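Enquirer: Please see the structure below; I have some questions.
The values are calculated or read from the model by the stated rules, or taken from the named source; none is laboratory data. Please read all numbers here as calculations on a predicted model, not as lab measurements. All Cβ positions, glycine included, derive from the backbone under ideal geometry; neighbour counts span all protein chains shown. The protein model used for the area step is the full one, side chains on, heavy atoms only, and it has no ligands, DNA or RNA in it. Shrake-Rupley method; radii C 1.70, N 1.55, O 1.52, S 1.80 Å.
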Amino acid sequence: MLQEDNKDKEDLSNALMMDSVVKTFGDIRAVDGINIQIKDRERVALLGENGAGKTTTIKIISGLMKPDKGMVRIYGHKPSSIEAKRYIGYLPEDASPYLNLSVRENLDYIGTIRRTENVQEKIEFFLDLLDLKSMEKQKPLTLSRGNRQKLCLALSIIHEPRFAIMDEPLNYLDIPTQEKVFDYFEKMNATFLISTHILSIARRLTEKVIILSSGKKVWEGQIKELEDLAEGTKTIESIVSELMKNVS
Amino acid sequence: MFLKVLQLLVKSRFSRNYLLVIFFIFIYSIFTVNFGLNDTVNFGSYYLAFFFLIFLVSAIYTGGISTTSADRDFLLTSPIENRVLVPAFFISQALASSLIFISAASASFIILKNSEASLLIGIADIICMAILPISMSLNMAGTPKAARVGAAIVAIAWIFSSYAGFPFGPLSFLSGHLVESSLFLILVTIVATAVSFRAISQNSLPFKLSAMSTKSKGFKELFSFRGKKPSMAVFELHFKQVDFSSRTASMGNIRIKVNRISIFTIALLTTALGVFFVFFQLFYVKNLPKTSSDSLLYILFPEIYISWGISLGLSTGTLSKERAWLAFISFPVEKYMRITVLAKMSQSLFVSIPLIVANIFLAIEGIHFAFEFIWIFALLVPIYCGISFSMSFYRKAYQITQEDVLPSTYNLTQFILLPVSFVMLVLLFLVSFFEGSLPFTIVGGGIFLSLFLLGENHWKNGLYRMIESGYV
């Protein structure tokens, strides 16, 4: 077991270390003793049925929620520390930008407070990449859900994070934009932890899978291993579904 | 079917908290009207007029009846006739907002007792005042903005006409025009209600119910944070803009509107207010006979409510659009919030400067109370702005969901600011009446605020509480 007193010693080889993490809400154990290790530059998908604890796990990792027990470290730092925040880019599910700032102001403000280098160039880049240029002065409330998701996606990675933590990042995006995002993610030299229900996204964006069920980790391995389990007779979805049901 | 629909609507809108809110408003109204002391009839009349004006004008301007997204998605798409839906929606809205108005106006029964007005007719008038805003809100739903503004101006003029000797004014029944005033008010209410029922019985019912503001223009001028340090960017954003929470639109339909008002616009308003106040004091109030109620009504009360309004107004809606996943994932929460608190305090001081200058001028002219208010605007207002803002963060009061702006489905955490602001109101009265208590109030408030600012866990726990409640 990892010791709490190994505090804040930078560890650039491990993007995430989670050890025996527990989080309860009343009688519900949303996260029940999870251990996860993600190496630097590794790309991992977090799968699980509804209510499996994926979102709670992601919120704990991103420092927005405090675990009841256990230890979490981002590159050796506590998730709520300023050092960890410098590495993280976080996109929650159904994210909302600042409604009282325009599209450009949102990017400018978050880019500035994240100490992004060449922030104006980055803003122009993302406005072009995600076809948001024509609506840069608009309030997010007037944008379609898809365009709002594009803005949120740009806000989460404008500072080129070393560790991107994303909950359903491609929700609401049209197919051409999804392709652009796939391409951009592939070029990013970053660690990825992506929570998704869609296996095709997991297969394209990541090489490793962690499956949660009822707050516990029930399986961990390479996507290739899942494909091997399917053995050509079953779909990978049915294998994942079976794994989710096998909770001890 | 009617009873089932009504039951559903009432159940989906009412909570125990609603009764607590009514109780609080009732206590407040009794407390405030009793401060009228020797002049209860006049003061109580102004008080009733003020509430009627707020309810009627906001109903006319916002328009519509509150509907939840579930109403729109399921109830309005179900095969239920309009003759069932219309009265059910009307009654549920009447229960939601009229009870609040009646509790706010309840202190006015003291006036009725002391005035020439017959108690029964007076009560009928107050009930009409409670129903008229709902009818008007339905009649005005979906009409062009110019029509709504025009109707609001007529409503304001009608209310003020009660004090200009017009016998048909809604409050003229308190000043010797019992029959004309009451008959006219009852007639207007009946006509407006009949028209509203007719209007929403047509096929346009869903539209009339959910006249949500969906069109919104972009911003004319954009903020730029180019070359700013992160801390300065946070300070500048929260200093430059004033946000008003969308719960202010809860009288009529649910509207999620994004309004950003420049701090310089607010400063212009307070400058105009300061200039008006000086002229009003020097050319009108100074010539009035010296009685205690005159000084209360024309000097002390406006000063108290302006200072209270600044500290509360600048702090309530500030973080309603803040997004935890953006700001607090980028910045240590305690640092971000300390900078924001300082920005809001600076903002309240900035808009208070014209009022400080006005009070210095009035103090030199020997106007009673002016000297205290120099310090109240300079120190107490910023301190209480900081305190109410800090407390609202801890209780996640600012994070409003769409359903929370429905009248009567109150989440009490949204009202955490009411007790805080009530305390400030009491303190302002105490400071005004007990000379020498001001320094203690300022020091006490300063210590309280320092505890908030210096406590790191306060902010972290506030954030965790917010996230665990589902506000990301």
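Enquirer: Could you say which residue among A:64, A:130 is more than 10 Å from every other protein chain (Cβ to nearest Cβ) and either in contact with a helix residue (DSSP H, G or I) (Cβ under 8 Å, 6 or more places away or on another chain) or of a type in the set (D, E, K, R) (or both)?
Expert: Values: A:64 fails: more than 10 Å from every other protein chain (Cβ to nearest Cβ).
The conditions single out A:130.
Enquirer: Out of B:60, B:91, B:110, I need the residue that is at pLDDT 75 or above and either touching a Ser or Thr at 6+ places or on another chain (Cβ under 9 Å) or crowded, with 19+ Cβ neighbours inside 10 Å (or both). Which one? Can you show your working first?
Expert: Values: B:91 fails: either touching a Ser or Thr at 6+ places or on another chain (Cβ under 9 Å) or crowded, with 19+ Cβ neighbours inside 10 Å (or both); B:110 fails: at pLDDT 75 or above.
Of B:60, B:91, B:110, the one residue that is at pLDDT 75 or above and either touching a Ser or Thr at 6+ places or on another chain (Cβ under 9 Å) or crowded, with 19+ Cβ neighbours inside 10 Å (or both) is B:60.
Enquirer: Of the residues that make up the stretch A:91-98, is at least one modelled with pLDDT of 90 or more and open to solvent by less than 10 Å² (accessible area, probe 1.4 Å)?
Expert: yes
Enquirer: Which of the residues that make up the stretch B:95-107 are farther than 15 Å from residue B:10 by Cα, at pLDDT 80 or above and either of a type outside the set (A, V, I, L, M) or not assigned by TED's automatic domain parsing to the domain that holds residue B:132 (or both)?
Expert: Answer for the stretch B:95-107, where residues must be farther than 15 Å from residue B:10 by Cα, at pLDDT 80 or above and either of a type outside the set (A, V, I, L, M) or not assigned by TED's automatic domain parsing to the domain that holds residue B:132 (or both): B:101, B:103.
Enquirer: While we're on this one: Look through the stretch B:183-202, keep the residues that are open to solvent by less than 50 Å² (accessible area, probe 1.4 Å) and modelled with pLDDT of 90 or more, and return whichever of them is farthest from residue B:90 (Cα to Cα).
Expert: B:185
Enquirer: Ok, one more. Would you pick out the residues in the stretch B:150-161 that are under 23 Å from the mean Cα position of the chain (by Cα) and surrounded by 13 or more Cβ atoms within 10 Å (Cβ to Cβ)?
Expert: B:150, B:151, B:152, B:155, B:156, B:158, B:159, B:160
Enquirer: Can I ask one more? Taking only the stretch B:224-237 into account, find how many residues are at the interface with chain A (Cβ under 8 Å from one of its Cβ atoms), open to solvent by less than 40 Å² (accessible area, probe 1.4 Å) and over 11 Å from residue A:115 (Cα atoms).
Expert: So the count comes out to 3.
Enquirer: Turning to a different aspect of this structure: Can you name every residue in the stretch A:23-39 that is closer than 22 Å to residue A:11 by Cα, open to solvent by 70 Å² or more (accessible area, probe 1.4 Å) and not charged (D, E, K, R)? I'd like the intermediate steps shown before the answer.
Expert: Filtering the stretch A:23-39 down to residues closer than 22 Å to residue A:11 by Cα leaves A:34-39.
From what is left, the residues that are open to solvent by 70 Å² or more (accessible area, probe 1.4 Å) are A:37, A:39.
Correct list: A:37 only.
Enquirer: Within the stretch A:91-101, track down each residue that is at the interface with another protein chain (Cβ under 7 Å from one of its Cβ atoms) and touching a Pro at 6+ places or on another chain (Cβ under 8 Å). Walk me through it before giving the result.
Expert: If we filter the stretch A:91-101 for residues that are at the interface with another protein chain (Cβ under 7 Å from one of its Cβ atoms), which is where we start, we get A:92, A:95-100.
Answer for the stretch A:91-101, where residues must be at the interface with another protein chain (Cβ under 7 Å from one of its Cβ atoms) and touching a Pro at 6+ places or on another chain (Cβ under 8 Å): A:96, A:97, A:98, A:99.
Enquirer: Residue A:177 is checked against (1) more than 13 Å from chain B (Cβ to nearest Cβ); (2) in contact with a strand residue (DSSP E or B) (Cβ under 7 Å, 6 or more places away or on another chain); (3) open to solvent by less than 30 Å² (accessible area, probe 1.4 Å) and fails just one. What number does that condition carry?
Expert: Here residue A:177 clears every test but (2).
Enquirer: Would you confirm whether or not the stretch A:1-21 contains a residue that is in a strand (DSSP E or B), open to solvent by 10 Å² or more (accessible area, probe 1.4 Å), modelled with pLDDT of 95 or more and more than 27 Å from residue A:115 (Cβ to Cβ)?
Expert: Yes, the stretch A:1-21 contains a residue that is in a strand (DSSP E or B), open to solvent by 10 Å² or more (accessible area, probe 1.4 Å), modelled with pLDDT of 95 or more and more than 27 Å from residue A:115 (Cβ to Cβ).
Enquirer: Please indicate, with yes or no, whether at least one residue in the stretch B:145-161 is touching a residue at least 24 places away in the same chain (Cβ under 8 Å), assigned by TED's automatic domain parsing to the domain that holds residue B:55 and among the polar types (S, T, N, Q).
Expert: no
Enquirer: Something else about it: Using the structure shown, decide if residue A:108 is at the interface with another protein chain (Cβ under 10 Å from one of its Cβ atoms) and among the acidic types (Asp, Glu). Break it down into steps so the answer makes sense when it comes.
Expert: Numbers: at the interface with another protein chain (Cβ under 10 Å from one of its Cβ atoms): yes; among the acidic types (Asp, Glu): yes.
Criteria met by residue A:108.
Enquirer: Given the criteria at negative phi, in contact with a strand residue (DSSP E or B) (Cβ under 9 Å, 6 or more places away or on another chain) and modelled with pLDDT under 90, does residue B:435 qualify? Can you show your working first?
Expert: Details: at negative phi: yes; in contact with a strand residue (DSSP E or B) (Cβ under 9 Å, 6 or more places away or on another chain): no; modelled with pLDDT under 90: yes.
No.
Enquirer: Taking the conditions exactly as written (open to solvent by 40 Å² or more (accessible area, probe 1.4 Å) and either more than 10 Å from chain B (Cβ to nearest Cβ) or in contact with a helix residue (DSSP H, G or I) (Cβ under 8 Å, 6 or more places away or on another chain) (or both)), does residue A:42 satisfy them or not?
Expert: Numbers: open to solvent by 40 Å² or more (accessible area, probe 1.4 Å): no; either more than 10 Å from chain B (Cβ to nearest Cβ) or in contact with a helix residue (DSSP H, G or I) (Cβ under 8 Å, 6 or more places away or on another chain) (or both): yes.
No, not satisfied.
Enquirer: On to the next question. Could you count how many residues in the stretch B:63-88 are small (Gly, Ala, Ser), at negative phi, outside any helix (DSSP H, G or I) and surrounded by 18 or more Cβ atoms within 10 Å (Cβ to Cβ)?
Expert: 1
Enquirer: Based on what the data block shows, is residue A:117 within 13 Å of chain B (Cβ to nearest Cβ), out of contact with any Leu (no Cβ under 7 Å at 6 or more places or on another chain) and at pLDDT 95 or above?
Expert: no
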